[in-house]
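The values are calculated or read from the model by the stated rules, or taken from the named source; none is laboratory data. On a predicted model such as this, the values are computed, not experimentally measured, just so you know. Positions of Cβ are backbone-derived with ideal geometry, glycine not excepted, and every protein chain shown enters the neighbour counts.
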Ligand SMILES: Cc1cc2nc3c(=O)[nH]c(=O)nc-3n(C[C@H](O)[C@H](O)[C@H](O)COP(=O)(O)O)c2cc1C
């Protein structure tokens with residue numbers, strides 16, 4: 001599937017076929033694709049929690065206000081972010097770069113985020129959101145549908161024992177849709193969203 005088709009076809013599915021299963025290899029393929037997403041200073045802040053155990057999924061269902069995707073989809077990933085990834089062995093983000101480039105980028109990273117928790121969070125959230133979109137487009141390419149979802153963050157954090165220095169981005173359910181999506185309910189025009197030079 002080409003990228004334009006994947007963008008056109010991706011819709012948020014509300015009813016997934018509970019009988020449809022996906023393999024561990026497919027989950028790996030999705031995450032490998034997500035790892036290719038752009039990220040601030042190549043920090044790759046995203047972390048994915050595979051909600052797999054039926055007991056965990058049952059609890060997660062409450063955290064998404066009982067929307068059926070979490071219990072019916074073939075795969076549920078919680079897209080998280082490591083807010084402090086910039087401090088954690090940053091040399092691994094530049095392992096294949098020339099030494100002088102690596103040093104420059106690491107020094108710059110450490111300087112940028114020191115004492116700037118707002119930027120630290122914003123950039124980690126941007127990067128994780130990029131990975132979330134990659135997951136959904138890659139899923140489309142693999143013949144899977146998806147649905148990005150919000151959740152009760154405190155409840156979900158408790159369920160997955162989210163570390164103190166991590167945050168939640170979104171839940172994404174993947175699988176086969178039980179019925180085709182509604183027509184797009186209300187799409188803004190290019191004129192509504194494209195501003196030239198300044199507001
Ligand atoms: C951050 C975020 C949170 C969302 N939360 C939910 C949700 O809780 N339940 C749901 O069914 N869809 C959710 N959606 C999907 C949106 O409703 C959907 O993307 C929007 O209506 C446009 O429809 P489309 O994705 O089919 O084009 C969410 C999407 C995003 C990006």
Some residue of segment 131-142 being in contact (Cβ under 8 Å) with a residue 12 or more places away in the chain, within 11 Å of the ligand (Cβ to nearest atom) and more than 26 Å from residue 23 (Cβ to Cβ): no
Qualifying positions in segment 172-193 - within 24 Å of the chain's Cα centre (by Cα), more than 28 Å from residue 52 (Cβ to Cβ) and not in a loop (DSSP other than H, G, I, E, B): 193
Options 185, 181; residue that is without any contact (Cβ under 8 Å) to a residue 60 or more places away in the chain and near the ligand (Cβ under 9 Å from one of its atoms): 185
All positions within segment 50-62 that are closer than 14 Å to residue 151 by Cα and in contact with a strand residue (DSSP E or B) (Cβ under 8 Å, 6 or more places away or on another chain): 51, 57, 60
Some residue of segment 146-163 being under 19 Å from residue 17 (Cβ atoms) and more than 13 Å from the ligand (Cβ to nearest atom): no
Subset of segment 91-121 [under 18 Å from residue 38 (Cα atoms) and assigned to a loop (DSSP other than H, G, I, E, B)]: 95, 96, 97
Where a residue in segment 148-164 is within 11 Å of residue 62 (Cβ to Cβ) and its partner, wherever it lies, is modelled with pLDDT of 95 or more and more than 16 Å from the ligand (Cβ to nearest atom), with Cβ under 7 Å and at least six apart: 159/56; 159/59
Qualifying residue in segment 79-90 (condition: crowded, with 18+ Cβ neighbours inside 10 Å, more than 23 Å from residue 142 (Cα to Cα) and over 19 Å from the mean Cα position of the chain (by Cα)): yes
Conditions (1) closer than 23 Å to residue 11 by Cβ; (2) more than 19 Å from the chain's Cα centre (by Cα); (3) buried (at least 17 other Cβ atoms within 10 Å of the Cβ); number of the one not met by residue 68: (3)
Selection count, segment 8-18, where residues are closer than 21 Å to residue 73 by Cβ and part of a helix (DSSP H, G or I): 1
Candidate set: segment 25-66, residues that are out of contact with any helix residue (DSSP H, G or I) (no Cβ under 6 Å at 6 or more places or on another chain) and in a loop (DSSP other than H, G, I, E, B); chosen: the one farthest from residue 160 (Cα to Cα): 36
